[in-house]
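For reference, the structure is listed below as C-alpha coordinates.
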Amino acid sequence: MSDLVTIDGQPSWTLGNAAVQAAVTVQGGHLTARFAAGGREVNPFYTAPWWSEPVPPGTSEMIRVLRGDFFCLPFGSGTPPHGKTANDPWQFEGASTRGPARELSLSMDLGPVGGRVVKTVSVVDGEPVIYQEHAVTGLGGPVPLGHHPVLELPDREGAGIIDMSPPIAGFTPPGLVEEPARGVERSEGVRERG
(Lines give C-alpha, C1' and ligand atoms only; values in the text may rest on other atoms or scores of the structure.)
Protein backbone atom coordinates (compact mmCIF):
# COMPACT_ATOMS: atom_id res chain seq x y z
CA MET A 1 0.00 0.00 0.00
CA SER A 2 1.25 3.49 -0.84
CA ASP A 3 1.41 6.03 1.95
CA LEU A 4 -1.16 8.85 1.94
CA VAL A 5 0.35 11.99 3.45
CA THR A 6 -0.38 15.72 3.27
CA ILE A 7 2.23 17.64 1.28
CA ASP A 8 1.90 21.42 0.94
CA GLY A 9 -1.73 21.20 1.99
CA GLN A 10 -2.76 18.37 -0.36
CA PRO A 11 -3.39 14.73 0.55
CA SER A 12 -0.97 12.81 -1.67
CA TRP A 13 0.03 9.22 -2.34
CA THR A 14 3.78 8.63 -2.19
CA LEU A 15 6.28 6.12 -3.46
CA GLY A 16 10.00 6.19 -3.90
CA ASN A 17 13.45 4.71 -3.59
CA ALA A 18 16.85 6.01 -2.42
CA ALA A 19 17.17 8.19 -5.55
CA VAL A 20 13.67 9.71 -5.89
CA GLN A 21 10.61 10.35 -3.75
CA ALA A 22 7.42 10.95 -5.77
CA ALA A 23 4.02 12.20 -4.65
CA VAL A 24 0.67 12.37 -6.48
CA THR A 25 -2.15 14.54 -5.12
CA VAL A 26 -5.55 12.94 -4.63
CA GLN A 27 -7.18 16.07 -6.08
CA GLY A 28 -6.23 16.42 -9.75
CA GLY A 29 -3.42 13.84 -9.73
CA HIS A 30 -0.60 16.41 -9.74
CA LEU A 31 2.80 14.66 -9.59
CA THR A 32 5.84 16.11 -7.82
CA ALA A 33 9.16 14.59 -6.87
CA ARG A 34 12.38 15.16 -5.01
CA PHE A 35 15.60 13.64 -6.31
CA ALA A 36 18.82 12.79 -4.45
CA ALA A 37 21.69 14.33 -6.42
CA GLY A 38 25.27 14.83 -5.30
CA GLY A 39 24.47 14.69 -1.61
CA ARG A 40 21.59 17.16 -1.80
CA GLU A 41 17.88 17.11 -2.63
CA VAL A 42 16.69 18.54 -5.96
CA ASN A 43 13.08 19.46 -6.67
CA PRO A 44 12.52 20.57 -10.29
CA PHE A 45 8.75 20.93 -9.85
CA TYR A 46 6.98 24.16 -8.97
CA THR A 47 4.27 24.39 -6.33
CA ALA A 48 2.07 27.48 -6.50
CA PRO A 49 2.88 29.76 -3.56
CA TRP A 50 -0.79 30.10 -2.58
CA TRP A 51 -1.06 26.47 -1.47
CA SER A 52 -1.48 27.63 2.15
CA GLU A 53 -3.66 30.70 1.45
CA PRO A 54 -7.42 30.95 1.02
CA VAL A 55 -8.42 31.32 -2.63
CA PRO A 56 -11.49 33.13 -3.96
CA PRO A 57 -14.76 31.18 -4.19
CA GLY A 58 -15.21 29.53 -7.56
CA THR A 59 -11.48 28.96 -8.06
CA SER A 60 -10.93 25.69 -9.92
CA GLU A 61 -9.40 22.77 -8.06
CA MET A 62 -6.55 22.72 -10.60
CA ILE A 63 -5.54 26.25 -9.54
CA ARG A 64 -5.90 25.38 -5.83
CA VAL A 65 -3.61 22.35 -6.18
CA LEU A 66 -1.28 23.67 -8.92
CA ARG A 67 2.07 21.87 -8.83
CA GLY A 68 4.32 19.44 -10.64
CA ASP A 69 2.96 17.65 -13.68
CA PHE A 70 -0.67 16.81 -14.34
CA PHE A 71 -2.64 15.04 -17.05
CA CYS A 72 -5.23 17.14 -18.90
CA LEU A 73 -8.29 15.45 -20.44
CA PRO A 74 -10.03 17.00 -22.18
CA PHE A 75 -7.33 19.67 -22.53
CA GLY A 76 -8.51 23.13 -23.54
CA SER A 77 -12.14 22.30 -22.84
CA GLY A 78 -12.79 25.38 -20.71
CA THR A 79 -14.69 24.01 -17.72
CA PRO A 80 -13.11 22.83 -15.60
CA PRO A 81 -9.81 24.31 -16.82
CA HIS A 82 -7.54 21.62 -18.31
CA GLY A 83 -10.27 19.00 -17.93
CA LYS A 84 -11.68 16.66 -15.35
CA THR A 85 -8.42 14.76 -14.82
CA ALA A 86 -6.59 17.91 -13.64
CA ASN A 87 -9.34 18.91 -11.19
CA ASP A 88 -11.28 15.96 -9.80
CA PRO A 89 -10.20 13.40 -7.19
CA TRP A 90 -8.45 10.25 -8.38
CA GLN A 91 -9.33 6.85 -6.93
CA PHE A 92 -6.66 4.63 -5.41
CA GLU A 93 -6.53 1.30 -7.29
CA GLY A 94 -3.50 -0.21 -5.62
CA ALA A 95 0.21 -0.25 -5.00
CA SER A 96 2.59 -3.09 -5.68
CA THR A 97 6.23 -4.08 -5.53
CA ARG A 98 7.73 -6.41 -8.11
CA GLY A 99 11.42 -7.01 -7.62
CA PRO A 100 13.13 -3.60 -7.71
CA ALA A 101 10.03 -1.80 -9.04
CA ARG A 102 7.33 -0.02 -7.02
CA GLU A 103 4.08 0.98 -8.71
CA LEU A 104 1.08 3.14 -7.81
CA SER A 105 -2.19 2.83 -9.77
CA LEU A 106 -5.00 5.42 -9.72
CA SER A 107 -8.13 5.75 -11.83
CA MET A 108 -10.85 8.16 -12.82
CA ASP A 109 -14.16 7.64 -14.59
CA LEU A 110 -14.79 10.52 -16.98
CA GLY A 111 -18.49 10.81 -16.22
CA PRO A 112 -21.10 11.76 -18.84
CA VAL A 113 -18.63 11.78 -21.74
CA GLY A 114 -17.81 8.16 -20.93
CA GLY A 115 -14.38 6.67 -20.70
CA ARG A 116 -11.90 5.91 -18.00
CA VAL A 117 -8.28 6.85 -17.27
CA VAL A 118 -5.81 4.70 -15.34
CA LYS A 119 -2.71 6.56 -14.09
CA THR A 120 0.32 4.43 -13.27
CA VAL A 121 3.37 5.91 -11.57
CA SER A 122 6.42 3.77 -10.87
CA VAL A 123 10.01 3.92 -9.68
CA VAL A 124 12.78 1.34 -9.89
CA ASP A 125 15.49 0.90 -7.24
CA GLY A 126 18.77 2.47 -8.31
CA GLU A 127 17.14 4.75 -10.91
CA PRO A 128 16.58 8.49 -10.40
CA VAL A 129 13.59 8.30 -12.75
CA ILE A 130 9.80 8.45 -12.46
CA TYR A 131 7.81 6.44 -14.98
CA GLN A 132 4.29 7.71 -15.60
CA GLU A 133 1.59 6.33 -17.89
CA HIS A 134 -2.03 7.29 -18.57
CA ALA A 135 -4.19 4.64 -20.25
CA VAL A 136 -7.42 6.10 -21.67
CA THR A 137 -10.22 3.72 -22.64
CA GLY A 138 -13.84 3.98 -23.69
CA LEU A 139 -13.82 7.40 -25.41
CA GLY A 140 -15.34 7.78 -28.84
CA GLY A 141 -13.88 10.25 -31.33
CA PRO A 142 -11.00 12.67 -31.04
CA VAL A 143 -10.41 14.30 -27.65
CA PRO A 144 -7.60 16.77 -26.87
CA LEU A 145 -5.24 15.67 -24.11
CA GLY A 146 -1.89 16.67 -22.76
CA HIS A 147 0.58 16.73 -19.90
CA HIS A 148 1.07 20.04 -18.15
CA PRO A 149 4.49 20.25 -16.49
CA VAL A 150 5.03 23.13 -14.06
CA LEU A 151 8.77 23.38 -13.50
CA GLU A 152 10.95 25.62 -11.33
CA LEU A 153 14.56 25.64 -12.44
CA PRO A 154 17.38 27.96 -11.38
CA ASP A 155 17.54 31.19 -13.38
CA ARG A 156 20.73 30.46 -15.27
CA GLU A 157 21.59 28.99 -18.64
CA GLY A 158 22.02 25.22 -18.60
CA ALA A 159 20.26 24.77 -15.25
CA GLY A 160 18.06 22.05 -16.71
CA ILE A 161 17.58 19.90 -19.78
CA ILE A 162 14.16 18.85 -21.00
CA ASP A 163 14.42 15.77 -23.16
CA MET A 164 11.31 14.35 -24.82
CA SER A 165 10.15 12.65 -27.96
CA PRO A 166 9.03 14.89 -30.84
CA PRO A 167 5.42 16.06 -30.38
CA ILE A 168 2.83 14.73 -32.79
CA ALA A 169 1.07 18.11 -32.86
CA GLY A 170 0.80 21.25 -30.79
CA PHE A 171 -1.78 24.02 -30.68
CA THR A 172 -2.23 27.24 -28.81
CA PRO A 173 -5.12 29.72 -28.76
CA PRO A 174 -4.71 32.73 -31.06
CA GLY A 175 -5.35 35.28 -28.28
CA LEU A 176 -3.66 36.32 -25.06
CA VAL A 177 -4.05 33.56 -22.48
CA GLU A 178 -2.09 35.02 -19.57
CA GLU A 179 -0.80 38.34 -18.39
CA PRO A 180 2.47 37.21 -16.74
CA ALA A 181 3.05 40.55 -15.04
CA ARG A 182 -0.27 40.11 -13.22
CA GLY A 183 0.15 36.35 -12.71
CA VAL A 184 -3.43 35.58 -13.75
CA GLU A 185 -5.12 33.75 -16.57
CA ARG A 186 -7.44 35.61 -18.91
CA SER A 187 -10.27 34.10 -20.86
CA GLU A 188 -11.70 37.12 -22.67
CA GLY A 189 -10.70 37.30 -26.31
CA VAL A 190 -9.57 33.68 -26.42
CA ARG A 191 -11.32 31.64 -29.07
CA GLU A 192 -11.19 27.94 -29.70
CA ARG A 193 -10.43 26.80 -33.20
CA GLY A 194 -12.86 24.35 -34.72
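The values are calculated or read from the model by the stated rules, or taken from the named source; none is laboratory data. Since this is a predicted model, take the numbers as computed values, not measurements. As a convention, Cβ positions derive from the backbone with ideal geometry for all residues, glycine included, and neighbour counts pool all protein chains shown. The protein model used for the area step is the full one, side chains on, heavy atoms only, and it has no ligands, DNA or RNA in it. Shrake-Rupley method; radii C 1.70, N 1.55, O 1.52, S 1.80 Å.
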message: Along the Cα→Cβ direction, 7 angstrom out, place labels at Val113 and Phe92. What is the inter-label distance in nm?
response: 2.8 nm
- request: Let me know the whole percent of all Cα-Cα pairs from the range 1-100 that are separated by more than 18 Å.
  value: 51 percent
query: In the chain, carbon and sulfur make up what percent of the accessible area (probe 1.4 Å)?
result: 55 percent
- request: Kindly report, to the nearest 10 Å², the accessible surface of Lys84 as traced by a 1.4 Å probe over protein heavy atoms only.
  value: 60 Å²
message: Using the Karplus curve 6.51 cos²θ - 1.76 cosθ + 1.60 with θ = phi - 60°, what ³J(HN,Hα) values do you get for each residue of the range 146-151, in whole Hz, with x for Gly and Pro?
response: x, 9, 10, x, 10, 9
- prompt: Can you give me the pair-distance distribution of the chain, C-alpha pairs, 10 Å bins, whole percents?
  reply: 8, 32, 37, 19, 3, 0
message: For the full complex of protein chains and a 1.4 angstrom probe, list Glu152, Glu103 by accessible area with the highest value first.
response: Glu152, Glu103
- request: Starting from the amide H of Phe45, placed 1.01 Å from N in the peptide plane, find each other amide H under 5 Å away whose residue is 5 or more places distant or on another chain.
  value: Ala33, Glu152
query: Using θ = phi - 60° and the Karplus curve 6.51 cos²θ - 1.76 cosθ + 1.60, what whole-Hz ³J(HN,Hα) does each residue of the range 122-130 get, with Gly and Pro shown as x?
result: 9, 9, 10, 3, x, 10, x, 9, 10
field: Accessible area of Arg64 in the full protein assembly, 1.4 Å probe (Å², nearest 10)
entry: 80 Å²
Distance between the range 1-79 and the range 96-165 - C-alpha centres, whole angstrom: 12 Å
message: Using a 7 Å offset from the Cα along the Cα-to-Cβ direction at both Glu127 and Trp50, what is the distance between the two label points in nm, to one decimal?
response: 3.7 nm
message: Can you order the peptides 6-18, 50-62, 22-34, 90-102 by their average number of other Cβ atoms within 10 Å per residue, highest first?
response: 22-34, 6-18, 90-102, 50-62
